[in-house]
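Read through the structure below, which is laid out as structure tokens, and then see the notes.
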Amino acid sequence: MAKARRGRKPKTEAKSEPLAEVPEPPSDLGAYAANYWRSLAPQLVELGILTPLHTETFRVLCETWQEYRTLSQWLEADPSRMTFITASGYEQETPQLRQRDKAAATLQKLWSKFGLTPNALAQLGKHGGVKARTASAISKFAQKKYENDQGNA
């Protein structure tokens, strides 16, 4: 009978090299989704986060952004659309409001996967998932602040 080993199991995660070039957005994305792709993809490539294995998940992020923005605009155009009166006389949320809120929840989950929140980016950095090729804006700011403080002392 073989004895089970204790301790950490070896990592068996799939390896994928970060993309070197920013991929073009898929041609069938909506306008909001394509703009979101063009806005985020260069930053994710620069940080070494976007890999060939992650482009489909990134596509879902962009499509979810499209859904969220479209529903938000529809609701903002006429705030009375957020609720309706049922046949029994009760006020209830519209399905579009629930869809928008569900898209927002999905965005929160996907933003974490790509380091698009401060905490998620810090977590990716701890695990070696972020390889910034240039100094971050915050580190540049801190360096200038330090240099100014030293000059004034």
For the stretch 41-133, list the helices (runs of 4 or more DSSP H) that sit wholly inside it and hold at least 2 residues that are surrounded by 11 or more Cβ atoms within 10 Å (Cβ to Cβ), among the polar types (S, T, N, Q) and free of Cβ contacts under 8 Å to residues at least 60 places away in the same chain; which are they?
-> 55-77, 95-113
Here are some conditions: (1) at pLDDT 95 or above; (2) over 14 Å from the mean Cα position of the chain (by Cα). F58 meets all but one. Which one does it not meet?
-> (2)
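The values are calculated or read from the model by the stated rules, or taken from the named source; none is laboratory data. Predicted, not measured: the structure shown is a model, and the values here were computed from it. Because the Cβ atoms are built from the backbone with ideal geometry, glycine has one as well, and the counts that use them run over all protein chains shown.
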